[in-house]
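The values are calculated or read from the model by the stated rules, or taken from the named source; none is laboratory data. In this text, all values refer to a predicted model and were calculated from it rather than measured experimentally. No Cβ is skipped: glycine too gets one built from the backbone with ideal geometry, and neighbour counts run over all protein chains shown. What goes into the accessible areas is simple: the full protein's heavy atoms, side chains included, and nothing from ligands, DNA or RNA. Shrake-Rupley method; radii C 1.70, N 1.55, O 1.52, S 1.80 Å.
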Amino acid sequence: MPGIAFSQKQPPQLGKASIKNVIAAMSLDEKVNFVKGIGMKVSEGANGPVAGSINGKVMGAAGSTEAIPRLGIPAVIVADGPAGLRIEPVKYGNDSTLIYPTAFPCGTAFASTWNTDLVDKAGRAMGQEVLEFGVDVILAPGANIQRNPLCGRNFEYYSEDPVVSGLIAAAFINGIQSNQVGTSIKHFAVNNQETNRNAIDAIVSQRALREIYLKGFEIAIKKSNPWTVMSSYNKLNGIYTSENFDLLSTVLKKEWNYNGLVMTDWYAGKNYPGQLKAGNDLLMPGRANEPTKIKEAIDSGSFSQEDLDKNIERILNLIVKTPAFSNYKYSNHPDLPANSKVSRSLASEGMILLKNNNHSLPFQTKKITLLGNASYDTILGGTGSGEVNTTQKVNFYEGLKKAGYQMDEQLSSSYIAFINREKAARPKRLSILEAIKPVEEMYVENKQLQNLANNSDVALITIGRSAGEGSDRSIETDYLISENEISLIRNTSEIFHKNGKKVVVALNIDALVDVVKWRDLVDGILITWLPGQQAGDALADIISGKISPSGKLTQTMPLAYGDVPSADSFPGIPEERPKETYYNEGIYVGYRYYNTFNKPVAYEFGYGLSYTTFKIQKPTISSKNFSKELRISTTIKNTGITSGKEVIQLYVSAPEKAMDKPESELKGFAKTQLLKAGASEKIDFMLNASDLASFDTERSAWVVEPGTYTIKIGNSSKNIQQTVSFIVNQDILVEKVNNILAPQKALVELKK
Ligand code: GLC
């Protein structure tokens, strides 16, 4: 009788056996290693530490989970960021050229389109690159509220308003995940500054937390179900968010019914078992000492294997969805030409026309004078993990040239030589966390300006600003325009105006800058934001009139930085090394503050000009008495002479009973299709009780108070064209939630 063959029973395989059986087959060692990433290794040739090539896959990715081959568990790869996939370039086939993923515009440009269809489309394009470059989850979108203009990562974020932030994030996530790859909405939560980001304690009231800082995440998560959520570095009311059970388990997983995975930000927090217990399922990028700490906690009884298994279950539920699990044969060859077109259309649609006196734009001439360093060294994106490497760069000068504009070549060469010289003199950039500050503005002699004015019909000056992860912006060098820049604007305006010629300024900026000191000197102002790789083409599309600008501000531009409601409390105390930052403006962030306290602003939330004009007709409302939901319908007409798109914004002013309320709050918006002159489009809005509810701290509940509500419809938060009212006859308790996450320190909040 031949020897009895041992039946080497294969252990349960992920995807074949139940997840519970797979977990049961894991040793404790495997478990404590599985809840952390593989760490970060410097890969050859990369610009700084990256996760490196994971078994030959994806150089430059930000991280990977651990594989357990004997159980059929592959490694899952994650990479940044909100403006496109940040990885090292790859070779396609035997072609020796290196190809990079598409560098899309920054997050704020996405939001400034107010076009959820276009954002979804751009998400689809970006997600296709995630899939085809072998990545499973892209660490985006960044959805933190732009609480203060000085935050270094505002460019990655969307708005001062949670409805804009939530709906744009949802569209982005749905677009990306339509490729069957994952996203990671971040940084959850209240990560509104970079100063001391790993330890700063954000002291926030429960109402401001729920209505402003969590609401955008809540909208996005409920409308798009991101595969993962990334918790943030900071503390919230005394507890690290990554160790905060009330935030990650009670609110996110129980109240919001989120069934995806939560990962830490990179090297966040200190108490690893505490993070896992709080509901932070995956510790990224992974540290060597984490398994030991977790085992110690299990041995001491402060952390149970049952809880550990819950983390593992969520990781496995993610893995079975990934391309890695289905062993997808990625091509390293996504449709980059098509995606660069999407990037270009998003960049132009995110541009905001702030001023256009006497139709300075679109240019009626091809003979222009192009001034400003950033015209030639255009800032395509911000720095840090939100950076995107690319070689496909079209700066403003190149784009305008391609579009047939004639510019003084001697001036262009002097700018390019100046910028190259200045940059060559700088020390080598050692890390992506090093912000790249633009070089000092080149001086142009008045004599030369006079010559330029004689030989061109209009001047276009670009002012550039960049910022990035790891540090906040400064008032002096980032927010304010420098003396050199102002004198360039002033001298150019004086000379060109004397010659009967106009001057337009393009703001190639990461976040808000002061405009008040110089806007009266010029005829036109266009915000381009950080427009991604097709920057110059997108600018030319607007400048030439091929596309009518339709972007709108998603953050208020104040008359002065000191008017910002968080100006005094940002970035926290003590001043030399902030440890705590008090959100004492409460719910009065952005337009909620300026409109409620009648503070004049430079340009309001929701503002942006077009080359045409629109009229919003009187709306109809499905009922004058609210019960479950209301339908508000209106028609918008292009009353101008050229095609364009408009953003209709619906605000609600609510009655105040037990709670003070902002003057009005955005409850919905819609962007029209491209309307030809004279064309109209019908727009419907639906409002339900949760749209109308305010957070009543006393009752720990979302409540619609009784009284008369006024709907305000317009194309900015202040340019209201139509109003209609309705009544809520009785107090509606929409949702009872847990009384948690209260500030542990005295917080004196702004009240009406
Ligand atoms: C960074 C960022 C986060 C990024 C992660 C991976 O520190 O805070 O946004 O996704 O680490 O690079």
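At a glance:
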read-out	value
Binned Cα-Cα distances of region 19-319, short to long, each 10 Å bin given as a whole percent	7, 29, 36, 22, 6, 0
Mean accessible surface per residue for region 31-183, computed with a 1.4 Å probe while every protein chain stays in place, in Å²	24 Å²
For residue 442, solvent-accessible area (1.4 Å; no DNA, RNA or ligand), Å²	20 Å²
Full-extension gain in nm, residue 736 to residue 484, via 0.36 nm per residue minus C-alpha separation	85.1 nm
Region 348-582, accessible surface, carbon-and-sulfur percent (1.4 angstrom probe)	51 percent
Protection proxy ranking, peptides 189-196, 560-567, average beta carbon neighbours within 10 Å, highest first	189-196, 560-567
Fraction of accessible area attributable to carbon and sulfur, region 613-736 (%, probe 1.4 Å)	49 percent
Rounded FRET efficiency, nearest 0.05, which uses the C-beta distance separating residue 520 from residue 684 and R0 of 41 Å	0.50
Kirkwood-based Rg to Rh ratio, region 613-736, C-alpha trace	1.04
Residue 622-residue 708 FRET efficiency (beta carbon distance; Förster radius 22 Å; 0.05 resolution)	0.85
Ordering of 618-624, 164-170, 486-492 by burial proxy (mean other Cβ atoms within 10 Å per residue, highest first)	164-170, 486-492, 618-624
Cα centroid of region 521-570 to Cα centroid of region 678-752, whole Å	28 Å
The chain: C-alpha gyration tensor shape, a/c 1.5 cut-off, then a/b vs b/c	oblate
Candidate aspartates and glutamates for bridging to residue 676, where Cα separation is under 13 Å - those fewer than 8 sequence places away on the same chain excluded	646
Accessible surface of region 170-229, 1.4 Å probe, proportion on carbon and sulfur as whole %	44 percent
Directionally averaged shadow of region 492-619, computed from the convex hull of its alpha-carbon atoms, nm²	12.3 nm²
Value at 222 nm in deg cm²/dmol, rounded to 500, when DSSP H runs of n ≥ 4 in the chain each add -39,500 (n - 2.57)	-7000 deg cm²/dmol
Antiparallel DSSP beta bridges within the chain, as percent of all bridges there, nearest 5	60 percent
Under the Debye formula (equal points on every Cα, no solvent term), log10 I(q)/I(0) of region 520-565 at q = 0.24, 0.27, 0.32, 0.33 Å⁻¹	-1.01, -1.10, -1.22, -1.24
Region 331-378 and region 596-674: distance between their alpha carbon centers, rounded to Å	28 Å
Alpha carbon centroid spacing (whole Å) that separates region 251-313 from region 472-505	52 Å
Cleavage-rule hits (GluC sites (Glu not before Pro)) in region 630-667: DSSP loop, at most 14 neighbouring Cβ within 10 angstrom	656
Value of relative contact order over the chain, rounded to a whole percent, pairs C-alpha under 8 Å and six or more apart	14 percent
Highest to lowest packing among 499-510, 700-711, scored as the average C-beta count within 10 Å	499-510, 700-711
Sites residue 96 and residue 729 - FRET efficiency at Förster radius 60 Å, r taken between beta-carbons, to 0.05	0.25
For region 348-582, accessible area per residue (1.4 Å probe, heavy atoms of protein chains only), Å²	38 Å²
Reference-scaled alpha-carbon Rg (2.2 N^0.38 Å with N residues) for region 316-418	1.55
Counting all C-alpha pairs of region 348-582, share separated by more than 29 Å (%)	27 percent
Mean accessible surface per residue for region 677-743, computed with a 1.4 Å probe while every protein chain stays in place, in Å²	42 Å²
Those trypsin sites (Lys or Arg not before Pro) in region 192-274 that DSSP places in a loop and that have at most 14 other beta carbons within 10 Å	270
